[in-house]
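Here the structure comes first, spelled out in structure tokens, and everything after it is commentary.
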Amino acid sequence: MSTLTTGETASPPTRRAAARRIAWARIGAYVLLSLFAIVYVGPLMMLVITSLKSMPEFMKSATALPTSLRFENFVEAWEKANFLRYLTNTLIYTVSATAIYVVTAVFVAFPISRGYVRGAGWLLTLYIIALFLPVALIPQFQLMLNLGLYNNPVGYVMLFLVNPIGIVILVNYIKTLPLELDEAAAMDGCGYLRFVTSIVFPLIQPAIATIAVLHAIGIWNELILPTIYLTNKDYYPITRGMIVFQGVYGSNWPTLAAAVLIMTLPMLVLFLVLQRYIVSGLTAGAVKG
Amino acid sequence: MNNYHFGRGWARLAPYLLLLPGFLFYLVIMLGPAIATGFYSFTDASGIQGAKVNWIGLENYREFLFMGQASRDNYAALVRTLIFCFFVTTIQFSLGLLLALLVNQRLRGVNIFRTIFFMPVILGAVIQGLIWSLFLYPLGGPLATILGLFGIRSEFLGGQPAEAMAWVIFVQIWANLGITMMIFIAGLQTIPGDLYESARIDGATGWQAFRNVTWPLLTPSVNTNLLLNIIGSLQAWQLFLVLIGYRNGTQVLGYLIFAQGFGQTSGSVTSAFRQGYAAAASIVLFFLVLVIGLPVQYFLQQRERRILG
Amino acid sequence: MVNQRSTLFGALLALVLLLSACGASSPTAPAAQAPGTAAPAGAAPVTLRVLVHQNPPMVEFMEQFNQRFQATYPNVKVDMTVVNANELSTVTQTRLTANDVDVIDIFGFSNQAQPYMKNVTPPNWQTLIEAGLLLDLTDQPFVKNYDPAAIADAGTYNGKVYQVNLGRVSYSGIYYNKDLFAANNVAVPTTWSELVAACATFKAAGIECMTAGGKDGWPIFVGAYGLIGAMYPDQAGLVEGLWTGSIAWNDAKALDMWSKMQIYARDMMERGASGIAGDAAPGRFASGAVAMFPGGTWYASAIEAAEPDFEWGYIPFPGSDNPDENKYLFGKYDQGWAIAANTPNKEAALAYLAAFSDPANYQAFINAVGFIPTQPGATLDTRIGAAVAPYLANFRVGYEQYWVAPKGAGEYANPYASYFQPFGTYNDVQTLADKVQADLQSGLDANQ
């Protein structure tokens, strides 16, 4: 696939040939992407279609197109699920947990990746083993209870300060930063802390943006942990607020779908914003000069 | 250990001190409870505070691994888990790489494509399951209608175990492809453009450029994705819960453990809690993942050292 | 770069402050009150914490009941939490452990370990009681409002009462479409052969015979519970027989049951049922597409909500060719109330249950939820109530509420019609029966 080249600075005699080659490949790329996109957009449309139906309409046929667009579902979802209050809560939990996590994660991943701490290899193995660990719901609950962090927003946030997936991503990504960078910075009189915060953080923006998005989404969509840990309704995140649409033998699917769409909007916005950082790729020019 | 350039004496402690908060969180929030699970596995704990807890040694393990037909069912689930892992990992890895390559070019509208492919991740497992349950509705759902045009009739998720599992594999890949893609995209960013220039000037074809420039320099992302894919698919069970439910012949280990620990194996809601037994089962799964994951990680590290030096 | 860092830390600081402010201003759960200092319900302000599972008509009723209760007892504020049914056990456990709940919604006591069962784990509720987490209600006056049989069957352990059960549901009946039956000249079946014939008539007329919410798995085999009931009217005895070996899932009687289950799964139930979600099934039936719908009495309100003018009836599943054996309804005890033993708000909790058990309030509850009542004076005035009324004297607790599987038993050790194709993988009666018995036997042998 010659489209991997990043420029079209071919020499004049071959430019036309090169242009033809690239045009085919471009079309091919679009076709392929569009095929994949259909497989994605098609099912996602199910959610949108469902959110615009009325309940009896949905019960009759879950998959037919709605006869009229019932936007009231969204209004109903917003009001019944107490969205404003719960959205605020979720925002606070997500932003604080993700921010603290990202900062601490870089300070863990960097020395491991560089080997600046003794036993870096063992530490990495420990984090990788953490990926395999079973979900310890009840022991974790008992620990939090004994620490007095039950039914407490601070305790709830604490549950989300660890994510070994992020460490793995960061460690591997930091490897692409040349070692000479560290040496050069130290020779310029840069201390470790300042080096990491001023130079490393910006250079690994793609990785940071990636783990921030993944982590934030995990917290945002979490349902079982708030059910157990946050029993005071003032602390509820929006996933708890959606229970009003879920029945025993049936849920109010259209309103639930509308609620889901409202709920995922902030995460979608976050992703769109952070996409820019994920593809910013600054290291390519880092070592020049 | 690399040479540390940022100071000596007290200043040498900086990395350790700054690493400490993150590491402490990990110890307390993750490792501690996991070790407690290990202890639980040797007891008959129900998980209920104040109930009597007896030390029963390896009895839970014996029950999970060697007792009656149930153990044979567990091994069948183990095999299914490995099959699931294999298919999901190979396909998700390849497609993720393909998509990342496609989307990494200067085409108009790549932002939109990237977002579309990442949407399932944003929505989460329950919604992913809901969407596909609707889409795969056998009685007139979209896919049923399309296949109907070709005269094909299928029960999809309600069909025979092999078919149901194939669909779960499909949805699992569909759901997580975005993550694999994003990690590859981030990795592709680290490859300097001038390397491609030099390759082209040397007359390399697209495939050769990929093999000699892209693939080696993508090694860190390749490692990340392989590891996360393998581990993730070995432990996955949420989509099974949402798409199929507890059906004989389709369970994977992760689901079995969840179901047995929280009494979800039949329609009854008052079945027993068996935290001790569930703990033992999850430790078994942990060892399975360990036995596969650690060698994979070791092999990947060695390969990285060979390629990138 | 320095600006980046300081804004980051500044943001963190602000968030931490915001969080602690949030934590301080919201009221914390009154677990801080010393247990035992039970304030009389008419004095100091009390927050009564109630935990229920999601069931929209019930939740709606509870919200109104809570308003009325708060009006009667102005110092009590009722804080009700709703969780999904499959999370109820977990959350009950965690909240009892944290002493963060006063009144809990708990399902009728069932699946108790019997003396002939070896090496089985006691059910969850029993462990809760033995851990001292449920309050003994034996001498409470409101207990007498309930049918003694219901209290004994669903709320008693070791001679003490720990739960007042609020109602029963039946799961072994069939809803039938009166209009379709009339239009096709089909009489309501009272025997198995009549049921088979009725299905054949419908299918010949191009109408699907039965539907169920097969996607959720259990609705298909629960729909056939009536078949088990007809063959084995003494379900407690069935369970004992299976454990002691006097009954096997591949003996002659069981083979008869399995044959009928195969006919049910293969010929009666519509093929697409495996794709129908549990909550879509009532709608499908109500739309008139299917003649019959084997299911529990809990679907009645959903059917009525889907099509209020739809004419339907409910009969026991006729699994035998002897009409007398088809007059039992099998089911279970559903929701009940219990009180946390360590609650600091004992008086308020008892007052809450007493108010709920008041016959007028209880009747309103039954009308809202549609359970078969457990109070002698209450009546079920709905259509489903009228339909099941003739069979109420023959209500029996079903197999599912007695059965405890031996450890090590295989996954097929159950009488589930869904093992047959097209829902499962088996299409031969003898093969399946042998497999089921073998799976069960494996567990029995492992615990000798």
*From A:Ala185, A:Ala209, residue being touching a helix residue (DSSP H, G or I) at 6+ places or on another chain (Cβ under 9 Å) and either surrounded by fewer than 22 Cβ atoms within 10 Å (Cβ to Cβ) or on the phi > 0 side of the Ramachandran plot (or both)*: A:Ala185
*Residues within the stretch C:99-110 that are open to solvent by 20 Å² or more (accessible area, probe 1.4 Å) and in contact with a helix residue (DSSP H, G or I) (Cβ under 6 Å, 6 or more places away or on another chain), tallied*: 1
*Please list, ordered by first then second residue, the pairs with beta carbon atoms under 7 Å, 6 or more apart or interchain, first in the stretch C:197-222 and within 17 Å of B:Glu155 (Cα to Cα), second at pLDDT below 90 and among the basic types (Lys, Arg).*
C:Thr211/C:Arg284; C:Gly217/B:Arg247
*Could you check how many residues of the stretch C:275-300 are in contact with a Ser or Thr (Cβ under 8 Å, 6 or more places away or on another chain) and assigned to a helix (DSSP H, G or I)?*
5
*Filter result (small (Gly, Ala, Ser) and part of a helix (DSSP H, G or I)) within the stretch B:4-30*: B:Gly9, B:Ala11, B:Ala14, B:Gly22
*May I ask you to list pairs of residues, at least six apart or on different chains, whose Cβ atoms are under 8 Å apart, with the first in the stretch C:154-171 being free of Cβ contacts under 8 Å to residues at least 40 places away in the same chain and closer than 14 Å to C:Ile106 by Cα and the second being open to solvent by 10 Å² or more (accessible area, probe 1.4 Å) and not hydrophobic (A, V, I, L, M, F, W, C)?*
C:Val161/C:Asp136; C:Val161/C:Thr138; C:Val161/C:Gln140
*Only one residue in C:Ala355, C:Ala338, C:Ala349 is assigned by TED's automatic domain parsing to the domain that holds C:Gln140, crowded, with 22+ Cβ neighbours inside 10 Å and in a helix (DSSP H, G or I). Which one?*
C:Ala349
*Could we say that A:Tyr192 is over 22 Å from the mean Cα position of the chain (by Cα), buried (at least 20 other Cβ atoms within 10 Å of the Cβ), over 30 Å from A:Val269 (Cα atoms) and more than 10 Å from chain B (Cβ to nearest Cβ) here?*
no
_In the stretch A:86-100, residue nearest to A:Gln205 (Cα to Cα) [restricted to those that are within 11 Å of chain C (Cβ to nearest Cβ) and not β-branched (Val, Ile, Thr)]_ = A:Ala99
_With the requirement that a residue be open to solvent by 20 Å² or more (accessible area, probe 1.4 Å) and among the hydrophobic types (A, V, I, L, M, F, W, C), what does the stretch B:170-193 give you?_
B:Phe170, B:Ile179
*Of all residues in the stretch B:114-142, which are farther than 16 Å from B:Gln172 by Cβ, more than 8 Å from chain A (Cβ to nearest Cβ) and crowded, with 23+ Cβ neighbours inside 10 Å?*
B:Pro138
*Run down C:Ala230, C:Ala236, C:Ala254, C:Ala248 and say which single residue is assigned to a loop (DSSP other than H, G, I, E, B), closer than 30 Å to C:Tyr116 by Cβ and not acidic (Asp, Glu).*
C:Ala248
*Return yes or no: is C:Val101 more than 11 Å from chain B (Cβ to nearest Cβ), under 13 Å from A:Thr231 (Cα atoms), not in a loop (DSSP other than H, G, I, E, B) and not acidic (Asp, Glu)?*
no
*B:Phe93 vs. criteria in contact with a Ser or Thr (Cβ under 7 Å, 6 or more places away or on another chain), more than 12 Å from chain C (Cβ to nearest Cβ) and in a helix (DSSP H, G or I)*: yes
*What is the number of the single condition among (1) assigned to a helix (DSSP H, G or I); (2) open to solvent by less than 30 Å² (accessible area, probe 1.4 Å); (3) out of contact with any His (no Cβ under 8 Å at 6 or more places or on another chain) that A:Thr98 does not meet?*
(3)
_Looking only at the stretch B:116-157, how many residues end up being part of a helix (DSSP H, G or I) and touching a residue at least 24 places away in the same chain (Cβ under 8 Å)?_
13
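Residue-wise test of (1) in contact with a strand residue (DSSP E or B) (Cβ under 8 Å, 6 or more places away or on another chain); (2) more than 10 Å from chain B (Cβ to nearest Cβ); (3) of a type in the set (Val, Ile, Thr).
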residue	(1), (2), (3)
A:Leu147	no, no, no
A:Pro153	no, yes, no
A:Met158	no, no, no
A:Ile208	no, no, yes
A:Val213	no, no, yes
A:Trp220	no, no, no
A:Thr231	yes, yes, yes
A:Pro237	no, yes, no
*Leading residue by the ranking (nearest to C:Gly278 (Cα to Cα)) among those in the stretch A:54-76 that are open to solvent by less than 30 Å² (accessible area, probe 1.4 Å) and either at pLDDT 85 or above or of a type in the set (Phe, Trp, Tyr) (or both)*: A:Phe58
*Matching residues in the stretch C:262-284 - criterion: being open to solvent by 10 Å² or more (accessible area, probe 1.4 Å), out of contact with any helix residue (DSSP H, G or I) (no Cβ under 6 Å at 6 or more places or on another chain) and under 26 Å from B:Gly129 (Cα atoms)*: C:Arg271, C:Asp279, C:Ala280, C:Arg284
*Residue check, A:Tyr40 against (1) modelled with pLDDT of 80 or more; (2) outside any helix (DSSP H, G or I); (3) open to solvent by less than 20 Å² (accessible area, probe 1.4 Å), all met but one. Which one?*
(2)
*asked:* Taking the criterion of being within 30 Å of C:Asp102 (Cβ to Cβ) and open to solvent by 10 Å² or more (accessible area, probe 1.4 Å), would at least one residue in the stretch C:301-315 satisfy it?
replied: yes
*Can you pull out the residues in the stretch C:111-159 that are on the phi > 0 side of the Ramachandran plot and assigned to a helix (DSSP H, G or I)?*
none
*If the Cβ limit is 6 Å and pairs must be 6+ apart or interchain, which residue in the stretch C:263-289 that is within 9 Å of another protein chain (Cβ to nearest Cβ) pairs with which residue that is of a type in the set (D, E, K, R) and outside any strand (DSSP E or B)?*
C:Ser274/B:Glu155; C:Gly275/C:Lys215; C:Ile276/C:Lys215; C:Ala277/C:Lys215; C:Gly278/C:Asp216; C:Ala286/C:Glu307
*Considering only the stretch C:170-212, state which residues are among the small types (Gly, Ala, Ser), open to solvent by 20 Å² or more (accessible area, probe 1.4 Å) and not in a loop (DSSP other than H, G, I, E, B).*
C:Ala182, C:Ala183, C:Ser193, C:Ala197, C:Ala200, C:Ala204
*asked:* Every residue in the stretch B:31-56 that is in a loop (DSSP other than H, G, I, E, B) and either of a type in the set (Lys, Arg) or within 8 Å of chain A (Cβ to nearest Cβ) (or both), please.
replied: B:Gly47, B:Gln49, B:Lys52
*asked:* I'm checking my understanding of the structure. Among residues of the stretch B:94-113 that are open to solvent by 30 Å² or more (accessible area, probe 1.4 Å) and small (Gly, Ala, Ser), which one is modelled with the highest pLDDT?
replied: B:Ser94
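The values are calculated or read from the model by the stated rules, or taken from the named source; none is laboratory data. Small disclaimer: the values here were computed from a predicted structure and weren't measured. So basically every Cβ, Gly included, is an ideal-geometry build from the backbone, and we count neighbours across all protein chains shown. Note: accessible area is taken over every heavy atom of the protein model, side chains too, but ligands, DNA and RNA are not part of it. Shrake-Rupley method; radii C 1.70, N 1.55, O 1.52, S 1.80 Å.
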